[in-house]
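Following: one structure in structure tokens, then a few remarks.
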Ligand SMILES: CCCCCCCCCCCC(=O)SCCNC(=O)CCNC(=O)[C@H](O)C(C)(C)COP(=O)(O)OP(=O)(O)OC[C@H]1O[C@@H](n2cnc3c(N)ncnc32)[C@H](O)[C@@H]1OP(=O)(O)O
């Protein structure tokens, strides 16, 4: 699992809740498929193959996609997820099941979180370097985790980025985030990206404001979210 932070396993209601072993098997399989599709994405943006080969592969991929049956509804929280504050298998940032995710692995630090990942050619902005939007995504997500770790899961209302050096592709990166203050439902957070090799040179930095929605707003935004036990329809957030 990619998100070893505290989670709320009872915050979601589903008609068919698999047992712990079933969830583990499903997550393992989701991560295995995510890994292979990420490799496919990498090969897709790296290849120099001729048009005939590209068209042949396109046909094969269409056939594979047709085997992925079932369809999760837009606001449905996957049975393998723990939201908020836990595993998000299909997150475009941390999700081991997402071909879009680097994926970023987040761990708790004293006073914040640290994330590690490497970006690939699929995340390119300037040739050889990461796209600025991808850096913002890594920071936004890590800062969101810092809020959750501080007990105030929230949504970004402001994110100010500073791009100081280009972020190299194919280098191990370290993303740090910590809460700098709170004011009512507002959480102030700061974050930075460096390489693991040179942690003293900040490549990109961000300051953000996150807001914990009040319970009524959270219920409206996330209808799949329920309080532990699910009886009162309340939420585990918005405190
Ligand atoms: C369940 C959790 C799940 C948490 C889920 C976590 C998933 C993590 C994902 C990573 C993070 C994301 O990408 S989140 C996705 C991107 N963000 C969004 O889509 C958020 C869109 N915004 C919204 O939906 C809304 O703004 C909410 C729900 C966040 C808050 O609405 P609200 O509850 O009505 O809050 P509102 O009264 O307007 O504002 C609350 C306080 O914040 C201040 N405020 C508002 N905007 C700003 C701002 N830009 N800069 C400074 N301060 C601001 C207000 O002045 C007010 O201060 P005062 O008067 O109280 O002093």
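FYI, it's all coordinate maths here, none of it is from the lab. As the structure is a prediction and not an experimental result, all values here were calculated from the model. No Cβ is skipped: glycine too gets one built from the backbone with ideal geometry, and neighbour counts run over all protein chains shown.
So here's what we get for this one:
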| read-out | value |
| --- | --- |
| Alpha-carbon centroid distance for the pair segment 96-114 / segment 23-67, whole angstrom | 23 Å |
| Residue order, fewest to most surrounding Cβ atoms within 10 angstrom, among 24, 217 | 24, 217 |
| Cα gyration tensor shape of segment 9-126, rounded if a/c is under 1.5, else prolate or oblate by comparing a/b with b/c | oblate |
| Cα gyration tensor category, rounded, prolate or oblate, for the chain with a/c compared to 1.5 | oblate |
| Stretch gain in nm, segment residue 20-residue 165, where the contour uses 0.36 nm per residue and the Cα spacing is subtracted | 47.8 nm |
| Highest-MSF residue in the chain out of 33, 225, 55 [GNM, Cα springs under 10 Å] | 55 |
| Separation of the residue 66 and residue 220 label points, Cα + 7 Å toward Cβ, nm | 4.4 nm |
| CD proxy at 222 nm, helix term only [per DSSP H run n ≥ 4: -39500 (n - 2.57); per residue of the chain; nearest 500] | -9500 deg cm²/dmol |
| The chain, relative contact order in percent, only Cα pairs under 8 angstrom and at least six apart counted | 21 percent |
| Sequence of 222, 210 once ranked by neighbouring C-beta atoms within 10 Å, starting from the fewest | 222, 210 |
| Three-way shape label, segment 151-201, alpha-carbon gyration tensor, a/c 1.5 | prolate |
